[in-house]
1. Restricting to the stretch 237-253, what's the tally of residues that are open to solvent by 60 Å² or more (accessible area, probe 1.4 Å) and touching a residue at least 12 places away in the same chain (Cβ under 8 Å)?
2. How about the stretch 1-16: which of its residues are among the basic types (K, R) and not in a loop (DSSP other than H, G, I, E, B)?
3. Quickly run through the stretch 176-194 and pick out the residues that are part of a helix (DSSP H, G or I) and open to solvent by less than 60 Å² (accessible area, probe 1.4 Å).
4. When you go through A664, A652 one by one, which is the residue that is surrounded by fewer than 10 Cβ atoms within 10 Å (Cβ to Cβ), more than 60 Å from the chain's Cα centre (by Cα), at pLDDT 85 or above and of a type in the set (A, V, I, L, M, F, W, C)?
5. Could you identify the single residue in V22, V106 that is surrounded by fewer than 16 Cβ atoms within 10 Å (Cβ to Cβ) and either touching an Asp or Glu at 6+ places or on another chain (Cβ under 6 Å) or small (G, A, S) (or both)?
6. So if I check each of A79, A59, which one is open to solvent by 40 Å² or more (accessible area, probe 1.4 Å) and hydrophobic (A, V, I, L, M, F, W, C)?
7. Looking for whichever is assigned to a strand (DSSP E or B) and over 16 Å from L136 (Cα atoms) here; the options are D48, D68, D19. Which one fits?
8. Can you say whether V374 is of a type in the set (V, I, T), touching a residue at least 60 places away in the same chain (Cβ under 8 Å), open to solvent by less than 60 Å² (accessible area, probe 1.4 Å) and closer than 25 Å to D518 by Cα, as far as the supplied structure shows?
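The values are calculated or read from the model by the stated rules, or taken from the named source; none is laboratory data. Bear in mind the structure is a predicted one, so any value in this text is a computation, not a measurement. Positions of Cβ are generated from backbone atoms using ideal geometry, with glycine treated the same way; all protein chains shown enter the neighbour counts. Heads up: the accessible areas ignore ligands, DNA and RNA and are worked out on the full protein's heavy atoms, side chains in. Shrake-Rupley method; radii C 1.70, N 1.55, O 1.52, S 1.80 Å.
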Amino acid sequence: MLIQRDVIRYGEDPATAADYRVVWAHGGEVVLFDLKAPDTRLIRRSRDEVVGELNDGTACIVTEHAYDHHPNPARLTEAQKARRDKLMGLIGPMLDRAPDVFDDRVRGHLIAEVERRQLACTDKDEKKRLASAKTLHQAFDRFWRRGMSVNALTPSFEKCGRGPRTPGETKLGAPVTEGMLPGVNVTDAVKQIFEKGLQRYYVSKRNARRKVSLKAAYDMMAADFFIDRAVDPVTGKETYPAKPEWQATGYPTFRQFRFWYDKRDDLLGIRRKREGASRYDKDLRGIVGTAVAGLMGAGSRFEIDSTPLDIGCVSEIDRTVPVGRPTFYQVTDVLTKMICGIYVGFENASWMAAGLAVRNVVEDKVAFCERYGVSITSDEWPCEGVVPARFMADRGEWEGYDASAFVSKSTVTVELAAPYRGDQKGSTEKKFDQFHRLLRTQLDGMIEKKVQERGDRDYRRDAVLNLREVTACVIEVAIFLNNSNKLVDYPRTREMIADRVRAVPVELWRWCRERGMDELSRASVSQIELAMLPVAKATVTPEGYRFRKLLYKPADREQWSVFDRALQNGVTQVDVSYDPLWTTNIWLHASRIDGPPVVLELTDRSIAFAGISFQEQDALRKDDNVDTARRRPEYHGGLARAIDAMRKTNQAANEDRPAPLSPAQLQGSKANRKLEAETDRKRRERASRPAAAAAALRPLPEALESPAKDTSVSDRSNRQSRFLS
């Protein structure tokens, strides 16, 4: 069965076979168009003959060929559409006169009639709607050759032009303006100069870092390769004329350099070298995938990141005291886009601040919101008591010994993003933008521009909110984004579409949890706190566990035997976890792998430093060291005074007895010691008598009021009693 537009091939080799298109197949006649002929060639044959050739294998119908022309309608220009429609409007009425139009003489008369109308027409607009005989013959040929559709008449403007030409002596392109040098063609030698100049002044790291433009690179290349240095032998003045080979014709222009540059195949590679691999991959790379690809469900990956919040805060005690911008940490589930944890505080981006954000993931959200005056239900923020399978974080606080210890003490894996690749944590980066956009609409003190210019209002003057109030506002935005913000262009799965799950984070989270599509693990706040605490070394001494110049001991006295071994065998070191904001306790890692940590408390020697941070403790000790250093002159001055006094005393004693004691004088030292003791006792009695006499004296008022006693009688009676006794 023959159908119009079919392509029939005679022969097996496509290169040598004859291809024909069926342009008419009615009744017993078939009209074929020779597709390999350079001009329009139509052949009339009987249907039975052609069908017989198809049946016996002499010919076959080809379905896969490149003769049909199907341009993309979205890429057609208005000029192409106008020319296509014009030609179809002219040959369409002629095609309706089939099969007469397939006769060359009839078709020629019809085309000649249109040409005569164009030549006789005086109206310019009407004349433009007509066409010449040559244009119409080409239109018929293109219509039958390229698929017999309207799009077959679409002009191929991309094939217009002469194409690449081999340069000769005469400069290619438009003629130069009168009075200018004739110019030169871009030969292979000139291309080598262009390549050297491009690599040296445009692609090199130094000039790429300086953002040298293509025009500046051309200028430096021209000064280096096309300009000569010469010294006038008469005046001695240095001149810079063009090199001899370029003086008569001139050297290549920037337009030629730019044309050569635009024709390069490695333009994207040059852009990558100039911008840097990290920035190119972050900002200039095409994105064909999604962040949720390859994730099992909720909790497969949490992204954590921090940024300074774009708002100024004031003190909670006095609102007239500005305290700066707080740090905002955020933890987001990649699959559901659920905000699982936040932290707002004045701690700089650090492991401690990140730990507080991770702690908030496990924390009871209802109690957490109540502390800031926000009332919610557990259904509005259903994320507590769980940790993900892995965290995606930046390098910095998540790279080092603390992060390694966190991985070893928990079931969570830490993945690090490449440097300067914020796009690898696109979920949290987008959430930061949403937070700032919503907060900026309602709160005073928000930063309007990253770079303040002269005359701009200082955002700190409008700051009125303290940290507690800003945290409450951040919580409200998080509740809104989790429960009311429908995600645009979210790649829902077929199961989500079948279950009519909306692309809202809280609904996606519940749907994944209900279907068991999650990689979450249960955890408590205490477990996360211990896992996130930094780890350091403590020294076991006879006085206790020495850490940061403080001494600790376990509460169980049976565990104090390690101090005995430290005294007998020497000191050792152990691993401990500590809270930088709390000196009262540290946690000793158990010797067994599965053993619980041992809580250590301050000993009596260090109890004075309880209840403060290690930073404060260091500050107090530093202040004491500074005081010691300041008092060093006083210490040495007192020591010098004591030394001088002892020297004088020793010198006076030597003057009283210039010669050493003889052996005879050393005899009887025990009797001399008793005599010396008696002498010392009498000296002390004499020293105490004035004080006793002074104590016996009555105050003057009492002496004046009471009459004096008769001392003579009392003294006589005392003497008599002593005599009789």
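1. 5
2. We begin by selecting, within the stretch 1-16, every residue among the basic types (K, R); these are 5, 9.
Passing the criteria: only R9.
3. The first filter runs over the stretch 176-194 and keeps only residues part of a helix (DSSP H, G or I), leaving 188-194.
The answer is V190, I193, F194.
4. Working: A664 fails: at pLDDT 85 or above.
Of A664, A652, the one residue that is surrounded by fewer than 10 Cβ atoms within 10 Å (Cβ to Cβ), more than 60 Å from the chain's Cα centre (by Cα), at pLDDT 85 or above and of a type in the set (A, V, I, L, M, F, W, C) is A652.
5. On the way: V22 fails: surrounded by fewer than 16 Cβ atoms within 10 Å (Cβ to Cβ).
After ruling out the rest, the residue left standing is V106.
6. Details: A59 fails: open to solvent by 40 Å² or more (accessible area, probe 1.4 Å).
The match here is A79.
7. Values: D48 fails: assigned to a strand (DSSP E or B); D68 fails: assigned to a strand (DSSP E or B).
Step by step, each of D48, D68, D19 is checked, and only D19 is assigned to a strand (DSSP E or B) and over 16 Å from L136 (Cα atoms).
8. Details: of a type in the set (V, I, T): yes; touching a residue at least 60 places away in the same chain (Cβ under 8 Å): yes; open to solvent by less than 60 Å² (accessible area, probe 1.4 Å): yes; closer than 25 Å to D518 by Cα: no.
When the stated conditions are applied, V374 does not pass them.
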